[in-house]
Every structure is written in C-alpha cells, then in structure tokens.
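Here is the structure we will look at.
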Amino acid sequence: MPAVTADPLTLTRLPRLPEQETAWRPVTRVVTAERHLEGEGFAVRRPFPGIDLPLADPFLLLDHMGAVEYAPGEAKGTSWHPHRGFETVTYIIDGAFQHHDTTGGGGLITDGATQWMTAGSGLQHIEQPPPELVATGGLFHGVQLWVNLPREHKWAPPRYQDIKSRDVSLLSSDDGSSVVRVIAGELAGHKGPGATYTPITFLHATVAPGARLTLPWPHEFNAMVYALSGRGAAGPGARPVGEGQLAMFGAGDALSVTAADAQPLAARNGWEILVLGGLPIREPIARYGPFVMNTREEIIEAFEDFQSGRMGTIPAERVPHHSSADEQLS
Ligand code: MN
C-alpha cells in the first residue's frame, strides 16, 4: 500500500494564486542525490548535505530509501546507535520500518505513516525492516529527514510522535488534479499533524501528469523540492527535476512546479515530490556522525555521555549479538 491518497476532486482546494502579482520563487540550483550505504548496508540517495548546509538550514540531511523491491532475506536496517541535538523524521511510503529506542518508544512505521523522533538530550535507537518483510521481501520506499534543533531545545527530553497516515491533512491543487499531503507545518492555513520545535513545512505531493501545482510559501522559509519518482520542472524557468534530484528555490512568496506529460511506470499516478522548507536557525553547527551540536566541546561531551551510558542502555532482550560500540557510531 502506498502513501495515503484520495480523489483530489473530493478534497479542499488550495487557493489559486494570481499569476502576475505573485512573487514566484526562482530555482537557484538543481542537485542530483549521491548514493550511500547506510546502517547494515541499505542503499540511500542523499541530496544533502551535499549542498551547502546553510542553504538547507534548518534541515541537516535527507535520505531517500528505495524505492527498492527486496528479494527474500535482503531487507536491511541499522544496528543500535545514538543521537543527540536534532530530530529524525521517518516517512514510509511503501513497506515498513520497525523502530525501538532506549526511552521505550517504538512502533511500526508503514504505508504513509511518519515517525517524528526528537532525539534532544540523547537516546539510542534501532531501525529495522520487520521480520515479515525480511522473510518475504517486497517493495520498500521511504525517506528520513534530519531537522536541527536550536540551541535552546537541544537538551529537550526525547519525544516520539507516531503520525498515522489518516492524520495527514489532504488537500488538492487549485485545479483539483493533484494531491498534497501536509505532514508537518502549515500550507495555506491548513495544518499538518507533526509538531516541530522550529517552524517548518513538510509536504508530499502527487502532481498529476501534465499538471501544474502552485503553493503559497512563507517568505522567511527556505524551499526545496525533491523528486521521489517521475519527472517535472520547477520554477518560472521550468528547470527539469527528475527522480533523485533536488531543486533549491530562491526568495519569493510562492512555488510553482509542473509534472511532465509522460511519466515512467513508477510514477504512473503522477510526479511524486517532497516539498520542504523552514525558518533557518542560523547558529553554529558542530556535527559528528550521530550528534549535531553547536560547539566541538559539546560533541566531545556527547561521545563521553554515550560511552558512559548516559544516552540510555539497550534493553537486555534487545542486545544485539554482532554490533560493537564502534559499529554503533557508523
Ligand atoms: Mn538513527
């Protein structure tokens, strides 16, 4: 089952923006995601931090997992590892990911659900495909986004939001052709379920083949469009954006994208895009592996706290047989 959807004609429509009076944001660059191996060896496409991080602020990382058709025994996840100082947002479109953390949080993220984990002061967690998916194989497709926390919230207690697909706010484009899912933040006054420490908007849209989608966008937010599958064009200059590519937008008050008329089979319902933006935090970033703080001293402190067990201890029944402390930091 894919992400939540509905007949767009039944949904509340976004406002039609006046063509002449609107300050459409230009596309300043298009980057192609780099391929990386994560965790126990699952492939991700990573459009940033390959780009200059200040441009992505408050976002730290975007990992696109799949879409991949796993053979039996092939699906992989991560071993236990710590985080401190930011939030991880895991959105699963197809298949499932199972999560456990050292605060007792956890659950199955599946079919359009989102898990919003505030690592805050620190915890350890493990992210794995459920045993059924490993056994039978199958389609897996999702993303993980890292959202930075401002200095004043880096020590917030860990928090866990389990956002079901039915909680997502569904809207349609102004012409009623395309579906927009508001997962966090707000779009044209319509709020998504995710609660965030720093103002952001996080959307998943399915833009019907040949259709145009326009979105009012807060002037003070940055803006990015990432293509999960299919192809289209972004901005007034119609810059091509294909699967695995990210368009960065410049200043203005609204975004405009258009799906290509002809789409590959994987995007037969339309061009699948994530639209994200937020208010830049504009604080110094000290980053090492799973820790994102403001200073180098705080990173050293994070390592010490992790090594001395102050970021939680793995429940006895879940102690892995194969992973050393070093691997946990990979
Ligand atoms: Mn993690």
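The values are calculated or read from the model by the stated rules, or taken from the named source; none is laboratory data. Quick caveat, the model's predicted, so the values are computed rather than measured. Cβ placement follows ideal geometry from the backbone for every residue including glycine, while neighbour counts extend to all protein chains displayed. Heads up: the accessible areas ignore ligands, DNA and RNA and are worked out on the full protein's heavy atoms, side chains in. Shrake-Rupley method; radii C 1.70, N 1.55, O 1.52, S 1.80 Å.
Percentage of Cα-Cα pair distances in the chain greater than 38 Å, rounded to whole percent?
So the pairs more than 38 Å apart make up 13 percent of the total in the chain.
If the convex hull of the alpha-carbon atoms of region 78-182 is projected onto planes in all directions, what is the mean projected area in square nanometres?
Taking a quarter of the hull surface, the average projection is 8.0 nm².
For the residue pair S308 and E40, what label-to-label distance in nm results when each label sits 7 Å from Cα along the Cα-to-beta-carbon direction?
Between S308 and E40, the simple spin-label model gives 3.3 nm.
Taking all protein chains in place and a 1.4 Å probe, what share, in percent, of the accessible surface of the chain do carbon and sulfur account for?
Carbon-and-sulfur percentage of accessible area, whole number: 53.
What number comes out for the charge environment of G112, summing +1 per Lys or Arg and -1 per Asp or Glu over other residues with Cβ under 14 Å away?
Residues near G112 contribute -2 overall.
So what are the radius of gyration and Dmax for the Cα set of region 170-225, in Å?
11.5, 36
Which Rg and Dmax, in Å, describe the Cα atoms of region 123-203?
Gyration radius and largest Cα-Cα distance of region 123-203: 16.3, 45 Å.
Where Lys and Arg each count +1 and Asp and Glu each count -1, what net charge lies around T88 among other residues with Cβ under 11 Å from its Cβ? Don't skip to the end; give the middle numbers.
Working: positive: none; negative: D63, E87, D101, E127.
In short, -4.
In whole Å, what is the distance between the alpha-carbon centres of region 70-101 and region 128-173?
Region 70-101 and region 128-173 have Cα centres separated by 9 Å.
Spin-label point model (7 Å from Cα, Cβ direction): what's the D261 to L9 distance in nm?
Using points 7 Å along Cα→Cβ, the separation is 2.3 nm.
Relative to the longest principal axis of the chain, what angle (0 to 90°, nearest 10) does the C-alpha long axis of helix 296-307 take?
60 degrees
Per DSSP H run of at least 4 residues, take -39500 (n - 2.57); add these up for the chain, divide by its residues and hand me the 222 nm value, nearest 500 deg cm²/dmol.
-2000 deg cm²/dmol
Excluding W146 itself, calculate the net charge of residues whose Cβ lies under 14 Å from the Cβ of W146, where each Lys or Arg counts +1 and each Asp or Glu counts -1.
Counting the neighbours of W146, the net charge comes to -1.
Considering the alpha-carbon set of region 207-250 alone, what are its Rg and its Dmax in angstrom?
10.7, 30
Hey, what's region 200-288 come to in accessible area per residue, 1.4 Å probe, Å²? Could you put the intermediate results ahead of the total?
Working: 3190 Å² over 89 residues.
Heavy-atom SASA per residue in region 200-288 reads 36 Å².
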